[in-house]
There are 2 protein chains.
Amino acid sequence: MPGGPRWWSGRFRGCGYRLTIPRQAILEALTRSDEHLSAEDIYLAVRKVYPGLGLTTVYRTLDILKQMGLVFKFDFGDGRSRYELARGPNVTHHHHLSCRSCGRVVDYSEFVEKEKSLLEEIESTLSKKHNFKINSHQIHFYGLCSSCQ
Amino acid sequence: MPGGPRWWSGRFRGCGYRLTIPRQAILEALTRSDEHLSAEDIYLAVRKVYPGLGLTTVYRTLDILKQMGLVFKFDFGDGRSRYELARGPNVTHHHHLSCRSCGRVVDYSEFVEKEKSLLEEIESTLSKKHNFKINSHQIHFYGLCSSCQ
DNA sequence: GTCGATGCAAAAAATTTGCAAGTAA
DNA sequence: TTACTTGCAAATTTTTTGCATCGAC
């Protein structure tokens, strides 16, 4: 992972937010992992390479990234928010299936092709009807896993 | 709203949980409202008719109802969890469209018919593949509302 | 009669805010 | 240079726990 400019640098141009070292380090950490990271997970991961980081900065950065549409924020029911990169070269668009009882979460990425036309249609209609500029979506299935049935 | 047995009473039979006054009152409050209620909203609403209620009971009840699949728990980004009845005679199956910037949430229920076959297919495949007993789902679109664009 | 459920007070955690100092643009 | 950012400490808020009492089945 060399140190060239990243795909996200363009997203920071002219949006009022500055692309600082801590923010880059947080984006790198999110890129490096394909887990559902909590703010503290990110804090600990980034501190290994950038020990000066404060937890407050992680929260503030995640909030900005969420508003920019670069990360998703999830509540998987374990008392802390979890974050995932929403786009980027290494990101596979996927959805979640979770157990209502134990909270286990499975990612799946089948059907993304099949979903496409339906979701585009919904997106287009909702955009017009409610005057939204829609740019992402999430599908979540709930149930009981094999151990909890 | 007369006092006969409710549709949910059957759901409590033989599941180990008891159908108590506070639990019924909380379910009534959820039925009465079509908003995205926080635990405190529910607490305040129920106390008008059942002043003895404690906030702790609201949290504990919502947790149980979530596990039973009777309510959905959402994080709409305002720092508190929000709850909705997931099923029942008065419930219209719907999804959400929310603004990444101001957090405004719009419910929509178009497309539920069109979604049906696709979601059933996904559900069936995921059920087999991951050995889950799936019984509900949620779709969430994200974007910028007219005021925030 | 049992064993789960409740409410209160206290505790635990996650997240946010104030502020002086640092730094991208 | 000018705002935007940062990290720390302190504060805020939501949610959870311990425990004696109560009540559904």
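Bear in mind that the values in this text are calculations on the coordinates, not laboratory data. Keep in mind it's a predicted model, so treat the numbers as computed, not measured. Virtual Cβ from ideal backbone geometry, glycine too; neighbours counted across all protein chains shown.
In a GNM of chain A with a 10 Å cut-off on Cα contacts, which of A:Leu118, A:Leu27, A:Leu85 has the highest mean-square fluctuation?
Of the options given, A:Leu118 has the highest mean-square fluctuation.
When the Karplus curve 6.51 cos²θ - 1.76 cosθ + 1.60 is applied with θ = phi - 60°, which whole-Hz ³J(HN,Hα) does each residue of the range B:35-42 get, with x for Gly and Pro?
Values, residue by residue: 8, 8, 7, 8, 4, 5, 3, 5 Hz.
Through the Karplus equation 6.51 cos²θ - 1.76 cosθ + 1.60, θ set to phi - 60°, convert the phi angles of the range A:113-119 into ³J(HN,Hα) values in whole Hz; use x for Gly and Pro.
Result, ordered by residue: 5, 5, 5, 2, 5, 4, 5 Hz.
Considering only DSSP states other than H, G, I, E and B, which GluC sites (Glu not before Pro) in the range A:56-115 qualify as loop sites with at most 14 other Cβ atoms within 10 Å?
A:Glu110
If you take every residue apart from B:Leu70 with its C-beta less than 13 Å away from the C-beta of B:Leu70, what net charge results, scoring Lys and Arg +1 and Asp and Glu -1? Please report the intermediate quantities before stating the final value.
Numbers: positive: A:Arg100, B:Arg6, B:Arg11, B:Arg23, B:Lys66, B:Lys73, B:Arg87; negative: B:Glu28, B:Asp63, B:Glu84.
Result for the neighbourhood of B:Leu70: +4.
Counting only trypsin sites (Lys or Arg not before Pro) that sit in a DSSP loop (anything but H, G, I, E, B) with at most 14 other Cβ atoms within 10 Å, what is the longest stretch of chain B containing none of them? Mind showing how you got there, number by number?
Working: sites that count: B:Arg13, B:Arg18, B:Lys48, B:Arg80.
Counting at most 14 other Cβ atoms within 10 Å as exposed, the longest clean stretch of chain B is B:81-149.
Looking only at A:Thr61, A:Thr20, A:Thr31, which one moves most when chain A is put into a Gaussian network model with springs between Cα atoms under 10 Å?
A:Thr20
Where both residues lie in chain A, what percent of DSSP beta bridges are antiparallel, nearest 5?
Values: 11 of 15 bridges.
Here the antiparallel bridges make up roughly 75 percent for chain A.
What gaps in nm, shortest first, separate A:Ser101 from its twins in the other copies when you place the label 7 Å past Cα toward the beta carbon?
4.5
Which cysteines in chain B lack any other cysteine whose Cβ sits under 4.7 Å from their own Cβ?
Result for chain B is B:Cys15, B:Cys102, B:Cys148, no neighbouring Cys Cβ within the cutoff.
On a full-extension model of 0.36 nm per residue, what is the gain between A:Asp107 and A:Trp7, subtracting their alpha-carbon distance, rounded to one decimal in nm?
Values: separation 100, 0.36 × 100 = 36.00 nm, distance 2.44 nm.
Extending this stretch completely gives an extra 33.6 nm.
Quick query: amide H of A:Val71 versus all other amide H atoms, modeled in the peptide plane; which residues come in under 5 Å with a sequence gap of 5 or more or a different chain?
For A:Val71, whose amide H was placed from the backbone, the distant partners under 5 Å are A:Lys66, A:Ala86.
Apply the Karplus parameterisation 6.51 cos²θ - 1.76 cosθ + 1.60, with θ equal to phi minus 60°, to every residue of the range B:44-58 and state each ³J(HN,Hα) to the nearest whole Hz, in sequence, with x for glycine and proline.
Listing the rounded values in order: 5, 5, 6, 4, 4, 10, 9, x, x, 4, x, 4, 4, 5, 4 Hz.
At a Förster distance of 45 Å, what's the computed FRET efficiency of A:His93 paired with B:Glu40, Cβ-Cβ distance as r, to 0.05? Let's see the in-between values first.
Working: r = 36 Å, r/R0 = 0.79.
The value I calculate is 0.80.
Suppose we consider the axis relating copy B to copy A; can you name the residue of B with the nearest Cβ and state that distance in angstrom as an integer?
Closest Cβ to the B-to-A rotation axis, residue and whole-Å distance: B:Asp75, 2.
Could you work out the helix-only [θ] at 222 nm for chain B, with each DSSP H run of four or more residues adding -39,500 (n - 2.57) and the total divided by the number of residues, to the nearest 500 deg cm²/dmol?
Numbers: 5 runs with 57 residues, N = 149.
Computed mean residue ellipticity for chain B: -11500 deg cm²/dmol.
What translational diffusion coefficient, to the nearest whole µm²/s, does the range B:92-149 have by Stokes-Einstein, given a Kirkwood radius computed over alpha-carbon pairs, a temperature of 4 °C and 1.567 mPa s viscosity?
Details: Rh = 13.2 Å.
In µm²/s, the coefficient is 98.
Could you size up the charge dipole of the protein assembly as shown around its Cα centre, putting +1 on the beta carbon of Lys and Arg and -1 on that of Asp and Glu, and report it in debye to the nearest 20?
Details: 42 positive and 32 negative charges, 126 e Å.
Once rounded to the nearest 20, the dipole reads 600 debye.
Under the convention of a label 7 Å out along Cα→Cβ, give the distances in nm from A:Lys116 to the same position in every other copy, shortest first.
2.6
How far, in nm to one decimal, is A:Val49 from itself in the other copies if the label point is set 7 angstrom along Cα toward Cβ? Shortest first, please.
Taking the point 7 Å beyond Cα along Cα→Cβ, the inter-copy spacings are 5.6 nm.
Give the dimensionless ratio obtained when the Cα radius of gyration of the protein assembly as shown is divided by 2.2 N^0.38 Å. Don't skip to the end; give the middle numbers.
Working: Rg = 20.7 Å, N = 298, 2.2 N^0.38 = 19.2 Å.
Expressed relative to 2.2 N^0.38 Å, the Cα Rg reads 1.08.
Report the charge-dipole magnitude of chain B in Debye, nearest 20, computed about the Cα centre from +1 at each Lys and Arg Cβ and -1 at each Asp and Glu Cβ. Don't jump to the answer; show the numbers that get you there.
Values: 21 positive and 16 negative charges, 133 e Å.
In total the dipole reaches around 640 debye.
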